[in-house]
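**Q** I have a structure here, written as structure tokens, and I will follow up with some questions on it.
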Amino acid sequence: MTPKKPAQRRSKASPGTIMQRFEAALQPGVPPDEAACLIAELEPKLPDAAIQMMDDHLASVDPLVKVALIDAYYRMTECTFHRGDLEALKEAARAGAARGDAASEDVFAAATIAYARQAGAPEDTWVRRGFEITGVRAPRPRPRRKGLAADAQLESITIMIHGTWATHGRWWRRGGDFFEYVRKDLGLADLYGAADQFRWSGDNLDSSRARAARELHGWLSSHRAASVRVFAHSHGANIAALATHKGTRIDKFVMLSPPVRKDYLPDWSNVGQAYNIQACFDAVVAIARGGQWFKDVMRARRVTEHRLKSSGHSASHSPAVWKKERLARIVGLPWD
């Protein structure tokens with residue numbers, strides 16, 4: 001893994017406990033999500049001696065941990081020696097991710113983010129075609145639904161919003177596992193699943209998320225309801241948050257693994273009850289150097305925050321996790 005001429009690493013003595021924690025993360029038996037998150041956390045404090053340890057472990061670790069090591073190495077040395085390895089990891093994970101395999105989805109997303117960093121472009125401005133990365137745009141809002149008077153409105157509507165690169169995913173659409181779990185098991189019969197169900201491009205761009213927020217506001221304006229409830233995963237939650245600044249009212253806002261950022265905080269005056277469901281270890285958010293908790297960026301009394309016992313970026317929209325950890329109680333279901 002050692003390059004021919006690595007860039008000079010900042011020299012700063014670090015406590016031995018930093019290296020001990022780093023070495024512990026690389027031991028067999030440590031769950032990949034946990035190891036990857038710890039590597040991302042420790043990277044700013046790691047001494048140069050950690051580079052040799054990365055060399056020694058790179059060939060034997062889980063793909064997700066390998067992405068974390070390569071990303072940490074690049075941040076330490078600014079050397080792109082292993083950019084090709086990230087591309088290979090991304091390609092290897094593509095097929096599994098397309099099938100909805102959660103571990104492959106995390107490797108694909110993490111490798112794409114790390115590759116973008118090494119490509120020299122900010123992650124928010126770098127897009128490539130992948131297992132669900134497409135040029136598809138969200139459908140334009142319809143002026144009104146067929147058979148519904150222009151001034152009519154539903155009593156309530158519940159919608160799901162997917163995250164980055166998940167435009168063609170199944171979990172959030174009719175027939176998908178989480179969609180059907182929420183509709184049937186949780187009893188939310190108003191969960192919207194018609195042909196014009198809201199979706200967005202899924203591009204990892206600030207501009208795409210801003211555009212999607214405008215389209216979401218328009219979509220909800222043409223699907224008027226007295227009460228709006230939203231389940232939104234990852235950056236899909238940030239799209240909904242941005243829409244509140246345009247006047248969109250969300251009465252129940254269930255955020256599933258959102259990257260918490262100050263520039264994506266909602267207009268809380270347009271939010272009723274908000275919930276933030278996060279995995280115990282989310283390597284995708286960690287490698288992206290994002291945050292998980294609103295309490296770290298604001299007074300979180302407006303948000304009920306819950307840390308799962310399960311790990312992984314997709315755990316928060318897994319029906320099995322919802323059942324096992326009884327998340328319906330956390331979000332106060334059944335809703336009136």
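The values are calculated or read from the model by the stated rules, or taken from the named source; none is laboratory data. Keep in mind that what you see is a predicted model, and the values were worked out from it rather than measured. As a convention, Cβ positions derive from the backbone with ideal geometry for all residues, glycine included, and neighbour counts pool all protein chains shown. Protein only, heavy atoms only, side chains kept; ligands, DNA and RNA dropped before computing areas. Shrake-Rupley method; radii C 1.70, N 1.55, O 1.52, S 1.80 Å.
**Q** Of the options Pro47, Ala195, Phe281, report the single residue whose Cα projects farthest towards the positive end of the charge dipole of the chain (beta-carbon charges: Lys, Arg +1; Asp, Glu -1).
**A** Ala195
**Q** Can you give the local net charge around Gly100? Use residues other than it whose beta-carbon is closer than 9 angstrom to its beta-carbon, Lys and Arg +1, Asp and Glu -1.
**A** Counting the neighbours of Gly100, the net charge comes to -1.
**Q** In whole Å, what are the Cα extents of the chain along the three principal axes, biggest one first?
**A** Sorted from largest, the Cα extents of the chain read 70, 37, 33 Å.
**Q** Related question: At a 1.4 Å probe radius, carbon and sulfur cover how many percent of the accessible area of the chain?
**A** Heavy-atom surface of the chain belonging to carbon and sulfur, 1.4 Å probe: 49 percent.
**Q** Computed FRET efficiency, Cβ-Cβ of Ala320 and Ala49, R0 35 Å: what is it to the nearest 0.05?
**A** With a Förster radius of 35 Å, E is 0.30.
**Q** Excluding ligands, DNA and RNA, what is the solvent-accessible area per residue of the chain at a probe of 1.4 Å, expressed in Å²?
**A** Computed with neighbouring chains in place, this is 45 Å² per residue.
**Q** Just to confirm my numbers, what's the Cα centroid distance between region 313-336 and region 86-105 in Å?
**A** Spelled out, the Cα-based centre of one part sits 26 Å from the other.
**Q** If you take the charge dipole of the chain about its Cα centre, with +1 on Lys and Arg Cβ and -1 on Asp and Glu Cβ, which of Gly176, Thr112, Pro334 is farthest toward its positive end?
**A** Pro334
**Q** Using the per-residue mean of other Cβ atoms lying within 10 Å as a proxy for protection, in what order, highest first, do the peptides 233-239, 96-102, 307-313 fall?
**A** Those peptides, ordered most packed to least, come out 233-239, 307-313, 96-102.
**Q** Sticking with this one: State the answer as a single residue: which of Met76, Thr248, Trp322 lies farthest towards the positive end of the charge dipole of the chain, with beta carbon charges of +1 for Lys and Arg and -1 for Asp and Glu, about the Cα centre.
**A** Value computed over the given set: Thr248.
**Q** Using modelled amide H (1.01 Å from N, peptide plane; none on Pro or chain starts), what sits under 5 Å from the amide H of Ser156, excluding residues fewer than 5 places away?
**A** Answer set, sorted by chain and number: Ala226, Ser227.
**Q** Using just the helices of the chain, give the 222 nm mean residue ellipticity in deg cm²/dmol: DSSP H runs with n ≥ 4 each add -39,500 (n - 2.57), and the total is spread over all residues, rounded to 500.
**A** The helix contribution divided over the chain gives -11000 deg cm²/dmol.
**Q** Only four residue types carry charge here, +1 at the Cβ of Lys and Arg and -1 at the Cβ of Asp and Glu. Report the dipole size of the chain about the Cα centre in Debye, rounded to the nearest 20.
**A** 1040 debye
**Q** Determine the sum of side-chain charges near Leu188: Lys and Arg each +1, Asp and Glu each -1, restricted to other residues whose C-beta is under 14 angstrom from that of Leu188.
**A** Net charge around Leu188: -1.
**Q** Report, in listed order, any pair from Lys252/Lys309; Lys246/Lys324; Lys252/Lys323; Lys184/Lys262 with a Cα-Cα distance greater than 28 Å.
**A** Lys246/Lys324; Lys184/Lys262
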